[in-house]
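Read the structure below first, then the notes.
The values are calculated or read from the model by the stated rules, or taken from the named source; none is laboratory data. Here the structure is a predicted model, which is why all the values come from computation and not from measurement. Glycine also receives a Cβ, built like all others from the backbone with ideal geometry; neighbour counts cover every protein chain displayed. All accessible areas refer to the heavy atoms of the entire protein, side chains included, with ligands and DNA or RNA removed. Shrake-Rupley method; radii C 1.70, N 1.55, O 1.52, S 1.80 Å.
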Amino acid sequence: MMIRKLRFTLKDVSVFTSIEMKLETNRWSLRRNSVQIPFQPAPTVHSLPRFQAHQAGLLRLPVPGLEETMAKYLRTVRPLLTDSEYSGTYQIVQDFIKEDRPGHQLQNYLLHRFQTKENWFSDWWLEMAYLGYRAPVAVYSNPGVTWKRRQFSNKDECFLYASRIIAGALDFKQIIDSDRLQLEYMKKRPLDMQQHFKMFGTCRIPCTPTDHLRYHLNSQHIVVLY
């Protein structure tokens, strides 16, 4: 597999046919046993005046009640257990939700996260469903994007097609960077727009037990593998 790096500006896309192994920025430092990448945090809509008022008014993910959660748990496991197994599980749940047992302590912890975080569950979900998930991401976690299969008569046609795709992506990046992205709604309610500002310049760093995300606000390179 050959890796070709494409250097671009927003006005022009130039394709280099040689492999570039040199990192053209001193913001990155690599070590054998660890990867240290100084980075700027992803911008949030809090830093964008046009979205700030809408963000503050978004519905927040509620914390379900302890009894509600445990009742749902029992309904979920019931088809998987024998009568005796379910009876034992039911007794464990009843003990768990007593006033002096861990259930209420954990529930209070969730309520504390609700009061101190914008979304009490998002960090855990990101780690469990994506960064800590060991199966291929594009197939098992994230949707992939494909185009209709095309036949190219030469490499120049292939490069031109790839360049047009890149140019289209950069058009959208310009909209984001210039704060011209339109607010999206669902049934007249504004949606959270933060994910749009993390689409470009984001890199997933392989690690154990979970991967890490790094965001480079001024990233000006892409990598094409073919």
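Annotations
- Output for region 169-194, where each listed residue is among the basic types (Lys, Arg) and either open to solvent by 100 Å² or more (accessible area, probe 1.4 Å) or modelled with pLDDT under 85 (or both): Arg180, Lys187, Lys188, Arg189
- Output for region 57-81, where each listed residue is among the small types (Gly, Ala, Ser), assigned to a loop (DSSP other than H, G, I, E, B) and open to solvent by less than 50 Å² (accessible area, probe 1.4 Å): Gly65
- Under the condition of being touching a residue at least 40 places away in the same chain (Cβ under 8 Å) and not aliphatic (A, V, I, L, M), the residues counted in region 75-112 number 1.
- Taken over region 137-163, the criterion of being farther than 23 Å from Thr202 by Cα, open to solvent by 100 Å² or more (accessible area, probe 1.4 Å) and not in a helix (DSSP H, G or I) is satisfied by Lys148, Arg149, Arg150, Gln151.
- Positions within region 82-136 being among the aliphatic types (A, V, I, L, M), assigned to a helix (DSSP H, G or I) and farther than 22 Å from Glu67 by Cα, in sequence order: Leu126, Met128, Ala129, Leu131
- Pair list, Cβ under 7 Å, 6 or more apart: region 171-196 residue without any contact (Cβ under 8 Å) to a residue 12 or more places away in the chain, other residue among the aliphatic types (A, V, I, L, M): Ile175/Leu181; Glu184/Leu191; Glu184/Met193; Tyr185/Leu191
- Every listed requirement among (1) open to solvent by less than 40 Å² (accessible area, probe 1.4 Å); (2) modelled with pLDDT of 80 or more is met by Ile37 save one, (2).
- In region 195-220, the qualifying residues are those that are among the charged types (D, E, K, R) and not in a strand (DSSP E or B), and the one that is least open to solvent (accessible area, probe 1.4 Å) is Asp211.
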